[in-house]
Amino acid sequence: MTDEREPLAVLLLGPTGSGKTALSLSLAEHFNGEIISCDSVAVYRGMDLGTAKPTPGERARIPHHLIDVADPDQPFTAGDYSRRARGALREIASRNKLSIVTGGTGLYLRALTEGLFAGPARQENLRQRLRRSADRHGGAWLHRLLIRLDPASAARIHANDTPKLIRAIEVCLAARQPMSQVLARDPLTSFRLLRIGLNPPRAALYERLNQRCAEMFAGGLIQETRALLACYGPIKALDSLGYRQALSVLLKGVGERVAIAEAQQGHRNYAKRQLTWFRREPGVHWIEAFGDDPEAQSIASGLVHTNQ
């Protein structure tokens, strides 16, 4: 059971383009809150247009956390996010303010609320040996090895998912027992969680996404991508939505109109996947509207007020 004296934290869920930023700002202003971003690309400095980060003006109105905290060529994992976001939750609570976590990266949100299993650290030498062995013996070799080490994990990891197979084997060898036996999560405690989800009409959401993608390109997404490419090279972060299509213009000669259409389709597909993911979250209070809708803001405010 939760203790009503524990601080409340609001989790705003929903697909990209559903108005989470607008709703988070409204709630933060109304309830003396601070906002914790939950976006795997917004953590990177210089990646602004393609991430639809809150504007400088919006960030001046309300303190924001976990935005622009790493350079784009630095790895930033779900575990990194969980540790820093939990620290932000504690800091905000110590100031008697309301924490509002908002964003669309489901894995980061799950890492924050449920934790990640405390497995051994990465061992690059072992990983390289496993990759070389897989190249030598064929793709199915890793899966056969994992079957011997940990049949339970092998049953749930696809034979072609090389990264997960390598990690599972790495954990088995380092822990000297099957990974399935060392899984131990670290759920978030000492906070009461209020989950509010936005699910606006699908056709209207897609229309907004199409418009937003076009505005990203018109606002200079290709130029921003060019600057990032010149500074960091073809880094993994540039494979994210929007930047991937801008990169295709710069490196492959794809026409801008084609790139915009591909980005629009990509964002629509991503919104579908996000909704599927967030539907699995427990206890979500769904609002069938955009976050900038006054009625949606009123409903959300009522939920926060009731739970405070």
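Things worth noting here:
- Within the range 1-56, the residues that satisfy the criterion of being of a type in the set (V, I, T) and part of a helix (DSSP H, G or I) are T21, T51.
- The residues on offer are D68, D48, D80, and the sole one that is within 17 Å of the chain's Cα centre (by Cα), surrounded by fewer than 22 Cβ atoms within 10 Å (Cβ to Cβ), more than 21 Å from E224 (Cα to Cα) and acidic (D, E) is D80.
- Residue among R156, R148, R176, R144 that is surrounded by fewer than 16 Cβ atoms within 10 Å (Cβ to Cβ) and on the phi > 0 side of the Ramachandran plot: R176
- Of all residues making up the range 68-89, the number that are in contact (Cβ under 8 Å) with a residue 24 or more places away in the chain, outside any loop (DSSP other than H, G, I, E, B) and not aromatic (F, W, Y): 8
- The single condition among (1) loosely packed, with under 13 Cβ neighbours inside 10 Å; (2) at pLDDT 95 or above; (3) touching a Gly at 6+ places or on another chain (Cβ under 9 Å) that Y243 does not meet is (1).
- Residue in the range 7-28 that is surrounded by fewer than 16 Cβ atoms within 10 Å (Cβ to Cβ) and not β-branched (V, I, T) present: no
- Taking each residue of the range 273-296 that is at positive phi and looking for partners that are at pLDDT 95 or above and surrounded by 17 or more Cβ atoms within 10 Å (Cβ to Cβ) with beta-carbon atoms closer than 9 Å, six or more apart or interchain, yields G283/L193; G283/L194; G283/R195.
Let's see how each residue does on (1) on the phi > 0 side of the Ramachandran plot; (2) β-branched (V, I, T):
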| position | (1), (2) |
| --- | --- |
| S18 | no, no |
| S24 | no, no |
| E29 | no, no |
| N32 | yes, no |
| D48 | no, no |
| I62 | no, yes |
| A70 | no, no |
| D73 | no, no |
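The values are calculated or read from the model by the stated rules, or taken from the named source; none is laboratory data. Every value quoted in this text rests on a predicted model; they were computed, and no experiment measured them. All Cβ positions, even for glycine, are placed from backbone atoms using ideal geometry, and neighbour counts span all protein chains on display.
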